[in-house]
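Have a look at this one.
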Amino acid sequence: MKPRDVWSLFKLLLRFPLFAYPTIKATFKCIRLSNKYFGKRHHTNNAANAFRHALWNYLIVVECRKWTREEHKAIHWAELITDWHEEFSPNKDLARAMDLHNNQVGRNLFKAHKDTTTEKGIALLKDMVPYSKKISDIEDLSNYTDRLVHLKD
């Protein structure tokens, strides 16, 4: 990371200090589960990668929600930190758009199923993987608002 990136992360964490620990916890859980379910396959722009991005956002909201009474703050934080991540480790435009889309799918899943258990939420996301849609253009994203999307099989 460049010093500029470290500084921007530091400023972001200063605004939401209570969310640092739950975000780290969610991140490690996300990687562990992605490795368990998909091995190394989640490191390319495929359906397993789509799952990982959605799961990461879902878990960040779940974990941060334990630290605040205001659900919208946890959801907003998940968007801020994962958008920051996309800026700090840039992809090509289509891959970045895909990641941002799948991040939103994870947050939307939380909103729609906030009263369910975390395990059930994870299962719902895992069930979405076989239905992930392959896209080839950014404009395709608007056709799949609440579906995972990927670039390659």
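Mind checking which residues of region 89-117 are outside any loop (DSSP other than H, G, I, E, B), under 15 Å from Ala54 (Cβ atoms) and over 15 Å from the mean Cα position of the chain (by Cα)?
Answer for region 89-117, where residues must be outside any loop (DSSP other than H, G, I, E, B), under 15 Å from Ala54 (Cβ atoms) and over 15 Å from the mean Cα position of the chain (by Cα): just Ala112.
OK, next. Any residue that is of a type in the set (D, E, K, R) and buried (at least 16 other Cβ atoms within 10 Å of the Cβ) - is there at least one of those in region 120-139?
There is no residue in region 120-139 that is of a type in the set (D, E, K, R) and buried (at least 16 other Cβ atoms within 10 Å of the Cβ).
Could you look through region 118-153, keep only residues that are hydroxyl-bearing (Ser, Thr, Tyr) and in a helix (DSSP H, G or I), and pick out the one that is nearest to Thr44 (Cα to Cα)?
Step by step, filter region 118-153, then rank; the result is Tyr131.
May I ask you to list pairs of residues, at least six apart or on different chains, whose Cβ atoms are under 9 Å apart, with the first in region 16-34 being crowded, with 21+ Cβ neighbours inside 10 Å and the second being basic (Lys, Arg) and in a helix (DSSP H, G or I)?
Phe19/Lys73; Pro22/Arg65; Cys30/Arg52; Ser34/Arg41; Ser34/Arg52
Does any residue in region 139-153 that is in contact (Cβ under 8 Å) with a residue 60 or more places away in the chain come within less than 9 Å, Cβ to Cβ, of a residue that is part of a strand (DSSP E or B) six or more places away or on a different chain, and which pairs are these?
Leu148/Lys133; Val149/Lys133; Val149/Lys134; His150/Lys133; His150/Lys134; Leu151/Lys134; Lys152/Lys134; Asp153/Lys134
State yes or no: is Glu86 modelled with pLDDT under 95 and surrounded by 16 or more Cβ atoms within 10 Å (Cβ to Cβ)?
yes
Among the residues of region 57-69, how many are buried (at least 24 other Cβ atoms within 10 Å of the Cβ) and of a type in the set (Ser, Thr, Tyr)?
So the count comes out to 1.
Are any of the residues in region 57-80 in contact (Cβ under 8 Å) with a residue 12 or more places away in the chain, part of a loop (DSSP other than H, G, I, E, B) and over 27 Å from Leu12 (Cα atoms)?
For region 57-80, residues in contact (Cβ under 8 Å) with a residue 12 or more places away in the chain, part of a loop (DSSP other than H, G, I, E, B) and over 27 Å from Leu12 (Cα atoms): absent.
Assess whether Tyr37 counts as being more than 12 Å from the chain's Cα centre (by Cα) and of a type in the set (Ser, Thr, Tyr).
yes
So which of Ala78, Ala47, Ala54 is over 10 Å from the mean Cα position of the chain (by Cα) and crowded, with 22+ Cβ neighbours inside 10 Å?
Ala47
The values are calculated or read from the model by the stated rules, or taken from the named source; none is laboratory data. Computed from a prediction, not measured in an experiment: that's the story for all the values here. Every residue, glycine as well, gets a Cβ built from its backbone with ideal geometry; the counts of neighbours run over all protein chains shown.
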